[in-house]
Amino acid sequence: MKANHQLSFLFFYSLLYQKILFGLECFCSSDCPDGSPNETCYTSYKCFAAVEYLEGTPTKVHQYGCTPPKFEGGIFQCRQKHIQHEVPMVFKCCDDQPRCNENLILEIPIEEQQKYEAVFKEHKIFQRRQVGLVVSVLLFILCFSLFSSYFYLSALKIFKKSNNSSEVKLSPVDKSENLTCNSGFNGFKSRLVQRSFARDISIVKEVGRGCFSVVYIGLYQSQTLAVKIVDESDEYSWQREQHFYTTRNLGHENILGFIGADIVERGTVIRVLVTQYHPFGSLYNFLRIHSYDFKIFFRLLYSSVCGICYLHNSISGLYGKPAIAHRDISSKNILVKDNLECCISDFALAVEENPDEFNLVPSKAKLPNPRYMAPEVLENPSCRNQTVFFYQKADMYSFSLVMWEILLRYEIKGVAEPYRLPFEEYVGFYPSINQMNDIINVKKLKPVIAKKHILSSSAQSIIKSMNESMKYSAMSRSSSCRLKTNLNKYMQKIAKLTETETGGSNNKR
């Protein structure tokens, strides 16, 4: 007991010393200070976590970050644990350990949720009535203007006829001169400018940032959307992603829903992709914050495989699609929906089956994330004369690393492994191709699987499927459809065992 007391005493004072010297380390999202590494900020007071409704929408938004110093507003923020405004909010602070706010549980009271949602519905009904009234008034003004114009033109025509006797007729010379003028008029080309739908979207806040794009929450007619603005220097990626969404029939529940692409000129050319918005964000962000039971673990895995399998398969017919390889599968390019199913996103590097084309990967295409590159891609990352089948096998290796990430956060006896990226302990957060090639092809390393997961009967079959997709030999790896079939069979087996156990227990009773 004395030793435990001394250890806790030392831990407390080491934490206090670190906080005095460097400040308390907190997890931050969306609103991190400039230059914050790994979504981390430091404060001399406390970390905070908050959840509130996005004003004017039924969407909940989580925020994490650092409070200001104690007597510069921090103490007042941390006293507001539950804020009863028109838009309800829950706010919590902590300072018991670094990044303590990352796992704070935030729940808005049910009665306030119901009250807010009722007010939101009434507001929408009121808005519709207002729109209806405005449309009615505009229609009345339009009809009145048309009738007024008609009567004015009729009166003008009668007036001209009454003055016909004084009209001067054109001579042949005058007619030829008039024809010359008309030919000049006919040479003028009028342009019809189509109105940009992106101008009608209200940008709310930034939710993600990559090397060549920024993703925002947008509002369009009370609907929450994701708005991806692509950098001017990366026009190719915007064109490529738009091509796959608009021409390759990617309508599937486990593929990110596409709404539209647009170009807006505001001093500079802004290229926009508008898609469905999923508040949980990327699988990477979800795994860093959440751990889960087997049911959610399996749902995340299986829904991701379904999306990849749909991409990889060719479908013949009028509404068919060619076989497609994603080429950039990672936990940051898979999104988590409200129902905790996943959908595949970001098709800027994708390639499609085309027998007439020798180089499937255009010269303008960027390289995928080195961390998730398959061994054969790491050996020759700039090679372009491969088949779709080659890149699909590489996709399966990339997804096996994502499977490992999902497995990390699966709880055994209520405890999950802390989240980390594949090979993070060897190469850090931003590995180069050479570093990854040394680890994968020279040292032949694989991500370490925790012993408790290996011994878990529920995870053993999934680990076996993961290892089959992680093989160094591309030809030995499972295809996406085989992986989907294996997972489906495994789930049916578990369901039958559950039914048998339930039936047995009922008979005993």
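The values are calculated or read from the model by the stated rules, or taken from the named source; none is laboratory data. What you are looking at is a predicted structure, and each value in this text was computed from that prediction instead of being measured. Here the Cβ positions follow ideal geometry from the backbone for every residue, glycine too, while neighbour counts run over all protein chains shown. When the accessible area is computed, the model is the full protein with side chains, heavy atoms only, and any ligands, DNA or RNA have been set aside. Shrake-Rupley method; radii C 1.70, N 1.55, O 1.52, S 1.80 Å.
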For the range 355-368, how many residues are free of Cβ contacts under 8 Å to residues at least 60 places away in the same chain and open to solvent by 60 Å² or more (accessible area, probe 1.4 Å)? 6
Cβ pairs under 7 Å, 6+ apart, first in the range 405-421 and under 19 Å from residue 333 (Cβ atoms) and modelled with pLDDT of 95 or more, second open to solvent by 20 Å² or more (accessible area, probe 1.4 Å) and of a type in the set (Ser, Thr, Tyr): 408/419; 409/291; 409/419
Single residue of 454, 439 found to be modelled with pLDDT under 95 and either assigned to a loop (DSSP other than H, G, I, E, B) or touching a helix residue (DSSP H, G or I) at 6+ places or on another chain (Cβ under 9 Å) (or both): 454
Only one of 304, 314, 237 that is touching a Pro at 6+ places or on another chain (Cβ under 7 Å) and either open to solvent by 40 Å² or more (accessible area, probe 1.4 Å) or not β-branched (Val, Ile, Thr) (or both): 314
Go over the candidates 341, 265 one by one and state the one that is charged (D, E, K, R) and over 26 Å from residue 491 (Cβ atoms). 265
Within the range 389-407, residues being surrounded by fewer than 21 Cβ atoms within 10 Å (Cβ to Cβ) and over 24 Å from residue 432 (Cα atoms) number 1
Which numbered condition trips up residue 95, out of (1) under 19 Å from residue 280 (Cβ atoms); (2) open to solvent by 50 Å² or more (accessible area, probe 1.4 Å); (3) at pLDDT 70 or above? (1)
If you take the residues of the range 104-128 that are of a type in the set (A, V, I, L, M, F, W, C), open to solvent by 60 Å² or more (accessible area, probe 1.4 Å) and not in a loop (DSSP other than H, G, I, E, B), which of them is farthest from residue 288 (Cα to Cα)? 126
Within the range 33-72, of all residues that are modelled with pLDDT of 80 or more and hydrophobic (A, V, I, L, M, F, W, C), the one nearest to the chain's Cα centre (by Cα) is 61
Out of 107, 102, 112, report the one residue that is in contact with a His (Cβ under 9 Å, 6 or more places away or on another chain) and modelled with pLDDT of 80 or more. 112
Tally up the residues in the range 206-233 that are outside any strand (DSSP E or B) and among the charged types (D, E, K, R), please. 2
Restricting attention to the range 184-216, which residues are under 18 Å from residue 284 (Cβ atoms) and at pLDDT 80 or above? 206, 207, 208, 209, 213, 214, 215
Looking for whichever is small (Gly, Ala, Ser) and either at positive phi or in contact (Cβ under 8 Å) with a residue 24 or more places away in the chain (or both) here; the options are 495, 450. Which one fits? 450
Of all strands (runs of 3 or more DSSP E) fully inside the range 255-363, the set with 3 or more residues that are in contact with a strand residue (DSSP E or B) (Cβ under 6 Å, 6 or more places away or on another chain) and among the β-branched types (Val, Ile, Thr) is 258-266, 268-276
Is it the case that the range 265-274 has a residue that's open to solvent by less than 60 Å² (accessible area, probe 1.4 Å) and closer than 15 Å to residue 350 by Cβ? yes
Do we find that residue 459 is open to solvent by less than 60 Å² (accessible area, probe 1.4 Å), in contact with a strand residue (DSSP E or B) (Cβ under 7 Å, 6 or more places away or on another chain) and at pLDDT below 95 in this structure? yes
Do we find a residue being crowded, with 18+ Cβ neighbours inside 10 Å, out of contact with any helix residue (DSSP H, G or I) (no Cβ under 6 Å at 6 or more places or on another chain) and outside any loop (DSSP other than H, G, I, E, B) anywhere in the range 374-387? no
So which residues in the range 409-426 are touching a Lys or Arg at 6+ places or on another chain (Cβ under 7 Å) and either of a type in the set (A, V, I, L, M) or open to solvent by 60 Å² or more (accessible area, probe 1.4 Å) (or both)? 412, 416, 421
For residue 281, state whether it is within 30 Å of residue 458 (Cα to Cα) and in contact with a Gly (Cβ under 8 Å, 6 or more places away or on another chain). yes
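Yes/no per residue for (1) open to solvent by 70 Å² or more (accessible area, probe 1.4 Å); (2) within 32 Å of the chain's Cα centre (by Cα); (3) at pLDDT below 90:
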site: 463; (1), (2), (3): no, yes, no
site: 466; (1), (2), (3): no, yes, no
site: 472; (1), (2), (3): no, yes, no
site: 484; (1), (2), (3): no, yes, no
site: 492; (1), (2), (3): yes, yes, yes
site: 497; (1), (2), (3): yes, no, yes
site: 501; (1), (2), (3): yes, no, yes
Quick one: how many residues across the range 329-339 are under 17 Å from residue 401 (Cβ atoms), surrounded by fewer than 23 Cβ atoms within 10 Å (Cβ to Cβ) and not small (Gly, Ala, Ser)? 1
Since residue 243 meets every condition but one in (1) farther than 30 Å from residue 105 by Cβ; (2) not in a helix (DSSP H, G or I), which condition does it not meet? (2)
From the residues in the range 36-78 that are touching a residue at least 60 places away in the same chain (Cβ under 8 Å), on the phi < 0 side of the Ramachandran plot and assigned to a loop (DSSP other than H, G, I, E, B), which one is most open to solvent (accessible area, probe 1.4 Å)? 58
So residue 478 ticks every box in (1) of a type outside the set (Phe, Trp, Tyr); (2) assigned to a helix (DSSP H, G or I); (3) modelled with pLDDT of 65 or more but one. Which box is left unticked? (2)
